[in-house]
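This report refers to the structure that appears directly beneath it.
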Amino acid sequence: MKVSLYKLVVLTLLAVLVVAPAFSVLAQDCPSTLSAEDCALVAAASKNVDKLKSFAMDFAVEAAAKGLGTSGFTLSAKGSGGVDLSKVDAGSDDIAEVLEKIALRVIMDASLTGDDAQAGEIEIRIVDGQIYTKSPGDDEWEVQSVSEFLEESEFNLELGLNLSDVLGFSESAGMEMLGAQYTATDGPTIDGVKTRAIKASLDLKPFFESLAMPSIPGLPMDVPNMPETGNFLSNLAKAFKKVLLSATNYYGVDGTLRGFKLEAAVEADGSALAALTGLSGNIELILTIDVRLSKLGEPYKVEVPTN
């Protein structure tokens, strides 16, 4: 399967930008392991959510995958730019709707190794529902509508996953029951502002292993299709050898969200996975996305490029 460098980077950035506003709406039940001072920073950031309607950003993306229909690839991108989210519904999980309404411009150095090796400087602009790209070796801009891009990328899906619900504080009590660990340390200085790095880490393997128990508390064993459900849960437990997730939010001492880092490491056993999905082959995935935000709330305008 041929993988397009700029499409991988665009999809990664879009996923980040859809998630980013959600990270600012946090903490009504602050984890017990955090200090009152750290909880106060989180609460202050949620009150200053309007400052995330536009911002400049520096970012780094590192990813490596084996399986997934390819012989394996690695992706690396570092860049900067800015985004205007003022027209986006903060509660939207529809990537097509987000794409139609955001304005974004980023320039990055990126490389992709694997079936289709590519490297060089890429510029991406999204404005008025159109995606403009200039890739390595191109003299002119390429342009696609949002619908064309999503159709070619086979990514015309609702995201349906709010990472602040998974690794944030909106349900921290439930997350702690799953084994989530919350820690706080001094973070980097971003845009001249000192930060606290508040990290939520979750190892889902014990949870999946608990699904393979002969009986699960709270689930009646005489309901219809319970044997099939039991087999499914057992295969699910066997399929995932590693599922490690973490999210680190950088909270400024000025009461604003100044960035975040998302990390994931997943390993799946091919034979067990085949029983669930029909797919074969082991899967390994490592992903790190680090984003630093600056110039919060300052207007950011994206111009339509001209060749």
- Extreme residue, nearest to PHE73 (Cα to Cα), among residues of region 88-109 that are at pLDDT below 85 and buried (at least 19 other Cβ atoms within 10 Å of the Cβ): ILE95
- Task: Name, by its number, the condition in (1) under 20 Å from the mean Cα position of the chain (by Cα); (2) buried (at least 19 other Cβ atoms within 10 Å of the Cβ); (3) not aliphatic (A, V, I, L, M) that does not hold for THR133.
- Result: (1)
- Item | Breaking point among (1) modelled with pLDDT under 90; (2) of a type in the set (A, V, I, L, M, F, W, C); (3) over 26 Å from ALA56 (Cβ atoms), for ILE289 | (3)
- Listed by first then second residue, the pairs whose first member lies in region 133-158 and is on the phi < 0 side of the Ramachandran plot and at pLDDT 75 or above, whose partner is surrounded by 15 or more Cβ atoms within 10 Å (Cβ to Cβ) and in a loop (DSSP other than H, G, I, E, B), with beta carbons under 8 Å and at least 6 positions apart or on separate chains, are THR133/TRP141; LYS134/TRP141; LYS134/PRO305; TRP141/PRO305; GLU142/SER135
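The values are calculated or read from the model by the stated rules, or taken from the named source; none is laboratory data. Being a predicted model, the structure only gives us computed values, none of them experimental. Heads up, the Cβs are rebuilt from the backbone with ideal geometry, glycines too, and the neighbour counts pull from every protein chain shown.
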